[in-house]
Amino acid sequence: MTDAPHPERRNFYGRTHGKTLRASQKTYLAEDLGKLSLPGIRVADNPDRTPLDIAALTGGRPLWLEVGFGGGEHLVHMAARYPEMFIIGCEPFVNGVAMLLGKIRDAGVTNLALHPGDVRDLFDVLPDACLDKAFLNYPDPWPKARHHRRRFVTPEYLLPLARKMKPGAEFRVATDIPDYIRQTLEEVPPAGFDLISTTGAGFGGGEAWSDWFSTRYEQKALREGRDPHYVTFHRQA
């Protein structure tokens, strides 16, 4: 009898905890996180890495993914605007998860689920070609050159993302860091995506997506004089 497969041990470089949580945020985590968290992501719960039952999860609705939802503003906005969709939000930073849970309570949206951890663990159990859209909004810029390999827009993340997306599925990237855009435009197409559009002040003008919701990170960038960039890709057939 062979051992059950396990994903290789992965380094994780981002923050998982920040400032002390408020009492209300601790309540959200205690009362709501378990109900909204996807089952079967942890190896201990799913040692064979059996793919998630997406039909049961979504009720047949198209599936979207937001990688690193920050404080959750965009995720809740999209869930409320598109009740006919189902959205998975992935974020390892517990303070951001707590903020999102409070927003979910206020908005009353139900068409979403969370993975409060590394998105690579989620990729392990998502079926191939299940995602209709994915969002990467203001990701950690890792500004030092020696840390660029930690960015999401590297093959370690992009190749599994491409496998999980349907042909023609849309991948949106928003950031205020010009060098992040440089790496995005270099790395994303070879992973299996076609560049569709580049807009925003960083590209000489143009608007964001018509359903874009400006996040706290974008507002901070604008206050500090950094230009937003918006890039759209489609998964190749």
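The values are calculated or read from the model by the stated rules, or taken from the named source; none is laboratory data. What you see is a predicted model; the values in this text were computed from it and never measured. Cβ: placed from backbone, ideal geometry, glycine included. Neighbour counts: every protein chain shown. All accessible areas refer to the heavy atoms of the entire protein, side chains included, with ligands and DNA or RNA removed. Shrake-Rupley method; radii C 1.70, N 1.55, O 1.52, S 1.80 Å.
Structure summary
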quantity: Residue in the stretch 153-165 that is in contact with a Phe, Trp or Tyr (Cβ under 7 Å, 6 or more places away or on another chain), of a type in the set (Lys, Arg) and closer than 18 Å to Pro62 by Cβ present; calculated: yes
quantity: Residue pairs meeting the criteria (Cβ under 6 Å; at least 6 apart or on separate chains; first hydroxyl-bearing (Ser, Thr, Tyr), in the stretch 132-160; second open to solvent by 30 Å² or more (accessible area, probe 1.4 Å) and not in a loop (DSSP other than H, G, I, E, B)); calculated: Tyr138/Tyr217
quantity: Which numbered condition Ile104 fails, given (1) under 15 Å from the mean Cα position of the chain (by Cα); (2) of a type in the set (Val, Ile, Thr); (3) at pLDDT 95 or above; calculated: (1)
quantity: Residue in the stretch 42-61 that is within 26 Å of Ala162 (Cβ to Cβ), open to solvent by less than 50 Å² (accessible area, probe 1.4 Å) and of a type in the set (D, E, K, R) present; calculated: yes
quantity: Residues that are open to solvent by 10 Å² or more (accessible area, probe 1.4 Å), in contact (Cβ under 8 Å) with a residue 60 or more places away in the chain and touching a strand residue (DSSP E or B) at 6+ places or on another chain (Cβ under 6 Å), drawn from the stretch 82-121; calculated: His115
quantity: Residue check for Pro39: out of contact with any Pro (no Cβ under 9 Å at 6 or more places or on another chain) and open to solvent by 50 Å² or more (accessible area, probe 1.4 Å); calculated: yes
quantity: Residue match in the stretch 98-110 (condition: over 25 Å from Ala23 (Cβ atoms), assigned to a loop (DSSP other than H, G, I, E, B), touching a Pro at 6+ places or on another chain (Cβ under 9 Å) and aliphatic (A, V, I, L, M)); calculated: no
quantity: Flag for Asp227 being touching a strand residue (DSSP E or B) at 6+ places or on another chain (Cβ under 7 Å) and not β-branched (Val, Ile, Thr); calculated: yes
quantity: Residue tally, condition closer than 19 Å to Trp64 by Cβ and of a type in the set (D, E, K, R), over the stretch 195-237; calculated: 2
quantity: Unique match (being closer than 27 Å to Met85 by Cβ, in contact with a helix residue (DSSP H, G or I) (Cβ under 7 Å, 6 or more places away or on another chain) and assigned to a strand (DSSP E or B)) among Ala169, Ala134; calculated: Ala134
quantity: Residue tally, condition outside any loop (DSSP other than H, G, I, E, B) and either free of Cβ contacts under 8 Å to residues at least 24 places away in the same chain or open to solvent by less than 20 Å² (accessible area, probe 1.4 Å) (or both), over the stretch 191-221; calculated: 8
quantity: Test: residue in the stretch 142-161 that is hydroxyl-bearing (Ser, Thr, Tyr), modelled with pLDDT of 95 or more and assigned to a helix (DSSP H, G or I); calculated: yes
quantity: In the stretch 162-189, residue most open to solvent (accessible area, probe 1.4 Å) [restricted to those that are over 28 Å from Arg226 (Cα atoms) and either more than 16 Å from the chain's Cα centre (by Cα) or aliphatic (A, V, I, L, M) (or both)]; calculated: Pro167
quantity: From Asp128, Asp132, residue being exposed (fewer than 14 other Cβ atoms within 10 Å of the Cβ), modelled with pLDDT of 95 or more and under 21 Å from Pro51 (Cβ atoms); calculated: Asp128
quantity: Residue check for Asp128: farther than 26 Å from Lys166 by Cβ and assigned to a loop (DSSP other than H, G, I, E, B); calculated: no
quantity: Unmet criterion (only one of (1) farther than 24 Å from Gly168 by Cα; (2) buried (at least 16 other Cβ atoms within 10 Å of the Cβ)) for Gly68; calculated: (1)
